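The values are calculated or read from the model by the stated rules, or taken from the named source; none is laboratory data. What you see is a predicted model, and the numbers here were worked out from it, not measured in a lab. Cβ: placed from backbone, ideal geometry, glycine included. Neighbour counts: every protein chain shown.
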Amino acid sequence: MPVEKVEVEWVRDQVFLMADRFGFPIVMTQPSGVNGADLLPLSVIGCAAWDIVSIVSKQRQALAGLRVTAESVREDAAPWRFQKIHIVYRFSGHHLDPQKLAHAVQLTEEKYCSTYATLRRAVELSSELQIVEGEDGPHPGDRVAVMPAPSTPAPGVRLVEQFNEALNARDVDAMMALMTEDCVFENTSPAPDGVRYEGQEAVRAFWVDFFRTSRQPRIEIEEVLAAGDRCVMRWIYHWVDDQGHPGHVRGVDIYTIRAGRIAEKLSYVKG
């Protein structure tokens, strides 16, 4: 049997950088990262959803959407062991066959899903099916999971997205957890060449000062392209000036990715 390796590295405080077997990064912290305990039910429904979509596709059913939720019950005292996990599979599409969907779920839970098979020995697992005829769009307050595309995006794309999500949350710890120890950042100002910051300490100091002096800064991602160890991101930077007037500027970042982290971020601005 092959050995599959995942890892978690402590960055600082309560910030951890996780990587799956392929090196895809996940930041574990709060509030701008995943909660460690949530990974258990997420792994079950993620594994199940993956298998179900594959099975339903082979059944040649017109599946338009699948939303899977898990409700967990844990013990009140340490170690807060999971006691129950109830899973709801919500299918949407046209002329779906309930019996075939039920069979897909049964195959997933009893034969294919490794995390489900492992957990059912220790946790009380239950599930139910819901079927919606037609396109089941998002409801107010929903967090909608987008089904994986046929070709998985390069790891660097998600890494860049996570970095900018942390930036918009003003979470410097989460940002730096995604950068290498010898990281380099080149700012867009002052013109024409900007300032170059080298190493975690210098780059961290820049972002701390940036958030201290900036009003409502926000990066809007227009596009992220990946090629090898490089990613290019087109962005719009939004801010509010001292008089309360909004402003924005467009630009581009060029990222170099090394071992699942950002080694270099070079920023360029239009105009």
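None of Ile262, Ile254 is β-branched (Val, Ile, Thr) and closer than 22 Å to Val34 by Cα except Ile262. Reported count of residues in segment 1-35, each being under 13 Å from Gln162 (Cβ atoms) and not in a strand (DSSP E or B), is 4.
Screening segment 198-266 for strands (runs of 3 or more DSSP E) wholly inside it with 2 or more residues that are small (Gly, Ala, Ser) returns the ranges 218-227, 246-258.
In this structure, is Leu39 farther than 23 Å from Glu161 by Cα and in the same structural domain as Tyr89 (by TED's automatic domain parsing)? Against the criterion (farther than 23 Å from Glu161 by Cα and in the same structural domain as Tyr89 (by TED's automatic domain parsing)), Leu39 does not qualify.
For (1) exposed (fewer than 10 other Cβ atoms within 10 Å of the Cβ); (2) of a type in the set (Gly, Ala, Ser); (3) under 14 Å from Val160 (Cβ atoms), each residue gets a yes or a no:
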position: Glu186; (1), (2), (3): no, no, no
position: Arg196; (1), (2), (3): no, no, no
position: Asp209; (1), (2), (3): no, no, no
position: Arg212; (1), (2), (3): yes, no, no
position: Arg218; (1), (2), (3): no, no, no
position: Ile257; (1), (2), (3): no, no, yes
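Conditions (1) within 30 Å of His103 (Cβ to Cβ); (2) polar (S, T, N, Q); (3) modelled with pLDDT of 90 or more, marked per residue:
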residue	(1), (2), (3)
Glu128	yes, no, yes
His139	yes, no, no
Met147	yes, no, no
Met175	no, no, yes
Thr180	no, yes, yes
Cys183	no, no, yes
Glu186	no, no, yes
Glu223	no, no, yes
Cys231	no, no, yes
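Could you tell me whether Asp38 is part of a helix (DSSP H, G or I), without any contact (Cβ under 8 Å) to a residue 24 or more places away in the chain and out of contact with any strand residue (DSSP E or B) (no Cβ under 8 Å at 6 or more places or on another chain)? Yes. Taken over segment 70-87, the criterion of being in contact with a helix residue (DSSP H, G or I) (Cβ under 9 Å, 6 or more places away or on another chain) and surrounded by 14 or more Cβ atoms within 10 Å (Cβ to Cβ) is satisfied by Ala70, Ser72, Arg74, Phe82, Ile85, Ile87.
Using the structure shown, decide if Val203 is at negative phi and modelled with pLDDT of 90 or more. Against the criterion (at negative phi and modelled with pLDDT of 90 or more), Val203 qualifies.
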